[in-house]
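Asks: What follows is a single structure, and I will ask about it in a moment.
Computed from the coordinates by the stated procedures, all read-outs in this text should not be read as laboratory data. Not measured: the values here are computed from a predicted model. Cβ atoms come from the backbone with ideal geometry, glycine included; neighbour counts cover every protein chain shown.
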Amino acid sequence: MKKLVIKSFLYFVLILCVLEVLVRVFHLTKDYPVRIVDEYNVEKWKPNQEGYSVTGNRRQNFSKFYINSSGYNSYREFTPSKDKVEIALVGDSFIEGFHQNYYNSIGKKIEDRLIDVEVYEYGYSGYDLADQLHLINQYESTFNLIDYVIIGIKFENDLNRGEYNIVQERIRLESPIYRAMRQIKLLVYLQNIGAFDAPRELMRKLLSRRNDNVVIISEQEEIRLQKELETNYIKNFENLVKIYNFDKERFILFLDSKKNPLIFLEYLHHNNFKFIDFSKALSDTKIPTTLIYDKHWNNHGRNIIAELIANYIKLTM
């Protein structure tokens, strides 16, 4: 019996080792770049890293990323000057572009549609408006040289705070234990394909049973709470643009009007905030604009976005 247990354990370890090798050889899972908080209290990627991003359990999307010396995924360095025309794209993972080869990014697509224009992509997964305006403020001397600053914004998740602070949940991912776990590629692969989702859901249900007090609210109360939330988000927006002295001449918001309440869109119009609405451009096409296993834009969607931004710049140059 003892020998059986020992042999079973050894076979189990051997199988895990073989699976680990297979995951690494066939690159079935993504690489994780190291994140940092720099001397300006800006969270971004550690400069000069490269690797591969993988989406889907069958490598549905496989792309290379390259973190430049500024700490962002881009095929070029950011060197603005008064003698050139530059565009900065500031946003979250949609601008970060890990889902497409860094040399075929939205920024590169925009440059291909314009003449003598450089595009700098300041994209970082998880950035909200506070992160983005803090970045622009801390690197003010750099951004003052950039002619157009396009800032991505999603009302539902980018305005839930009215001031900037480091998001500790993301920084915690750089703790020694998380870094060590990411070195086990098989573990990362199983997590990415959802192998641990069922146990997590079971644990969540078990824990939720401790609090069986279900609060049922009326439709009127739901509407009131939604309006209250929207009001608070607009207050957060007002506070952020005031703190960071939002430049209405050079700064352009980039949003999907279908995912923003009418009250916010009216507020932007009334207060003369410039914005580019990409809702119609994406909905008009009959070809899918997002990845199969992911809601990020695919190559077609990125072409539409690039065309939209390039046309806007042409009209204002």
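Asks: Using the Kirkwood radius over Cα pairs, work out the Stokes-Einstein diffusion coefficient for the chain at 4 °C and 1.567 mPa s, in µm²/s as a whole number.
Replies: On the way: Rh = 22.1 Å.
The Stokes-Einstein estimate is 59 µm²/s.
Asks: Can you work out the FRET efficiency for the pair Leu14 and Lys258, with r the C-beta to C-beta distance and R0 = 51 Å, to the nearest 0.05?
Replies: 0.45
Asks: Compute the long axis of helix 129-138 from its Cα atoms, compare it with the longest principal axis of the Cα atoms of the chain, and write down the angle in degrees, 0 to 90, nearest 10.
Replies: 70
Asks: Still on this structure, I have one more. Summing +1 for each Lys or Arg and -1 for each Asp or Glu, what net charge is found among the other residues whose Cβ lies under 15 Å from the Cβ of Ile309?
Replies: -1
Asks: Moving on to the next point. For every helix of n ≥ 4 consecutive DSSP H residues, a contribution of -39,500 (n - 2.57) applies; sum these over the chain, divide by its total residues, and give [θ] at 222 nm rounded to the nearest 500 deg cm²/dmol. Can you show the working numbers first?
Replies: Details: 14 runs with 142 residues, N = 317.
So the calculated ellipticity at 222 nm is -13000 deg cm²/dmol.
Asks: Then there's this: Taking H as built 1.01 Å from N, whose amide H comes closer than 5 Å to the amide H of Arg35, not counting residues under 5 places away?
Replies: Answer set, sorted by chain and number: Lys46.
Asks: Using only the Cα atoms of segment 1-104, construct the convex hull and provide its projected area averaged over every direction, in square nanometres to one decimal.
Replies: Hull-based average projected area comes out at 10.3 nm².
Asks: To the nearest 0.05, how large is the calculated FRET efficiency for Gln60 and Lys286 if R₀ is 22 Å and r is the Cβ-Cβ distance? Could the numbers behind the result be given before it?
Replies: Details: r = 21 Å, r/R0 = 0.97.
The formula returns an efficiency of 0.55 here.
Asks: Now for a separate question. Let me check I've understood the local charge: for Lys109, count other residues with C-beta under 12 angstrom from its C-beta, Lys and Arg +1, Asp and Glu -1. What total comes out?
Replies: Within the 12 Å Cβ shell, the charges total -1.
Asks: Cut-off under 27 Å on the C-alpha distance; same-chain residues fewer than 8 positions from Lys82 excluded. Which lysines are left, in chain and number order?
Replies: Lys44, Lys108, Lys109, Lys242, Lys248, Lys274, Lys314
Asks: So, one more: I need the Debye-formula profile for segment 35-178: one equal scatterer per C-alpha, no solvent, reported as log10 I(q)/I(0) at q = 0.12, 0.19 1/Å, two decimals.
Replies: -0.50, -1.24
Asks: Extension gain Glu156-Lys7, at 0.36 nm per residue separation less the Cα-Cα distance, in nm?
Replies: That works out to 48.3 nm of additional length.
Asks: Return the aspartates and glutamates within reach of Lys64: Cα separation strictly under 18 angstrom, same-chain partners fewer than 8 residues apart disregarded; answer none if there are no such residues.
Replies: Asp31, Glu50, Glu77, Asp92, Glu96, Glu121, Asp294
Asks: Any chance you could run the full-extension gain for Lys235 through Val37? It's 0.36 nm times the residue separation minus the Cα-Cα distance, nm to one decimal.
Replies: Full extension from Lys235 to Val37 adds 68.5 nm.
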